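Read the structure below first, then the notes.
Bear in mind that the values in this text are calculations on the coordinates, not laboratory data. Since we're looking at a predicted model, the values are computed, not measured. Here the Cβ positions follow ideal geometry from the backbone for every residue, glycine too, while neighbour counts run over all protein chains shown.
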Amino acid sequence: MKEISKELEEKLFSEAEKMMQRSYIPYSGFAVGAALLAKNGTIYTGCNIENAAFTPSNCAERTAFFKAVSEGVKEFDAIAILGGKDRKVSDLCTPCGVCRQVMAEFCKPDDFLILMRDGKGNVQKQLLSELLPSSFGPGNLL
């Protein structure tokens, strides 16, 4: 499995936790923060942003990816994701299916690490290929 340093892992989780506090969650009360590590070492952050119509809402992970891509960055190593009710980290927060598909657009499934941590400090690490097996990506359209 791909590894990153413990220090970098903690920095990613710290940034993700800061982003949970910025979440706009008037409807669900469930905050999610994400910290995306680009191959160039830059960290792009995101929070979930809800909307009264629900479908225009955006997840933290996609917010981070879209920020990075809008700045011309399209290569990534890892993402840390935290989530929970009332802005407190609780259970592991895995990326939704739409976010997994966005990750597959920009990341090599066997080389992109997804870090999740629960409120007790237990960390789960998975490759994108484990969370989205047999994914559909840019290569399928060539």
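I'd like the antiparallel share, as a percent to the nearest 5, of DSSP beta bridges with both residues in the range 35-142.
75 percent
Give me a comma-separated list of calculated 3J(HN,Hα) values for the range 84-92, in order, Karplus coefficients 6.51, -1.76, 1.60 applied at θ = phi - 60°, integers in Hz, x for any Gly or Pro.
Running phi through 6.51 cos²θ - 1.76 cosθ + 1.60 with θ = phi - 60° gives x, 5, 6, 6, 10, 4, 10, 6, 4 Hz.
Would you list which lysines come within 26 Å of residue 67, measuring only between C-alpha atoms, while excluding same-chain residues fewer than 8 positions from it?
Within the straight-line limit of under 26 Å, residue 67 reaches these lysines: 2, 6, 11, 18, 39, 85, 88, 108, 125.
Please name whichever of 57, 114, 36 sits farthest to the positive end of the charge dipole of the range 6-133, dipole taken about the Cα centre and charges placed at Cβ: Lys and Arg +1, Asp and Glu -1.
57
If I take every Cα pair under 8 Å that is 6 or more residues apart in the chain, average their sequence separation and divide by the length, what percent do I get for the relative contact order?
21 percent
Placing +1 at every Lys and Arg Cβ and -1 at every Asp and Glu Cβ, with all other atoms neutral, what dipole size does the chain have around its Cα centre, in debye to the nearest 20?
For this selection, approximately 240 debye.
Please report Rg (one decimal) and Dmax (integer) in Å for the Cα set of the range 6-133.
Expressed in Å, the Cα Rg and Dmax of the range 6-133 come to 13.3, 40.
Going by average Cβ neighbours within 10 Å, how do the peptides 102-111, 29-38 rank, with the highest at the top?
29-38, 102-111
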